[in-house]
Amino acid sequence: MNAPEPVVRPAEPLLRQLDLLVRQVGHWTPPRWAAPGPSGGTARADLVHRLVQRLADLAAAAAGEPARPVPRLENDLALPDQLRVVVADLVAADPAPPVLAGAADEMATVRQAL
């Protein structure tokens with residue numbers, strides 16, 4: 001008899017990407033946040049804040065609420081916490097699995113750009 005396949009919940013890839021990203025940036029100092037990513041251009045903090053806003057917009061849409069701007073705090077060290085909050089909001093809104101998969105892909109893309 002074959003063992004049953006493990007059940008993968010739709011939010012698991014997103015939560016895994018969140019964990020990887022927070023582990024990657026959670027110890028950064030302000031100068032590291034202010035520096036551009038390896039490809040140059042945009043500061044790392046701006047890249048992550050854009051991701052935070054995108055995820056917040058997805059959560060609002062899934063909950064049937066209007067999109068609201070996520071504050072850009074002066075201290076970039078708060079970005080991992082903001083990311084955790086908007087991911088929790090998105091998962092709680094229970095969007096369709098493709099929305100969660102797309103959010104996980106976006107987070108992976110940002111992780112690699114950092």
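In segment 93-113, the qualifying residues are those that are over 14 Å from Ala11 (Cβ atoms) and within 11 Å of the chain's Cα centre (by Cα), and the one that is most open to solvent (accessible area, probe 1.4 Å) is Thr109.
Residue-by-condition table, conditions (1) among the basic types (Lys, Arg); (2) over 19 Å from Gly102 (Cβ atoms):
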{"residue": "Arg50", "(1), (2)": "yes, no"}
{"residue": "Ala59", "(1), (2)": "no, no"}
{"residue": "Pro66", "(1), (2)": "no, yes"}
{"residue": "Gln82", "(1), (2)": "no, yes"}
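Right, Leu58: open to solvent by less than 70 Å² (accessible area, probe 1.4 Å) and within 18 Å of Ala113 (Cβ to Cβ) or not? Criteria not met by Leu58. Of all residues in segment 23-48, those satisfying the criterion of being among the small types (Gly, Ala, Ser) and open to solvent by less than 40 Å² (accessible area, probe 1.4 Å) are Ala35, Gly37, Gly40, Ala43, Ala45. Only one of the listed residues (Leu20, Leu51) is buried (at least 18 other Cβ atoms within 10 Å of the Cβ), aliphatic (A, V, I, L, M), touching a helix residue (DSSP H, G or I) at 6+ places or on another chain (Cβ under 7 Å) and within 26 Å of Asp89 (Cα to Cα). That residue is Leu51.
Looking at (1) open to solvent by less than 50 Å² (accessible area, probe 1.4 Å); (2) more than 18 Å from Leu18 (Cα to Cα), which is the one condition that is false for Asn75? Exception for Asn75: condition (1).
The values are calculated or read from the model by the stated rules, or taken from the named source; none is laboratory data. Keep in mind the model is a prediction, meaning the values are calculated, not measured. Note that each Cβ is placed from the backbone with ideal geometry, even for glycine, and that neighbours are counted across all protein chains shown. Ligands, DNA and RNA are stripped out before the accessible areas are found, and what is left, the full protein with its side chains, is counted by its heavy atoms. Shrake-Rupley method; radii C 1.70, N 1.55, O 1.52, S 1.80 Å.
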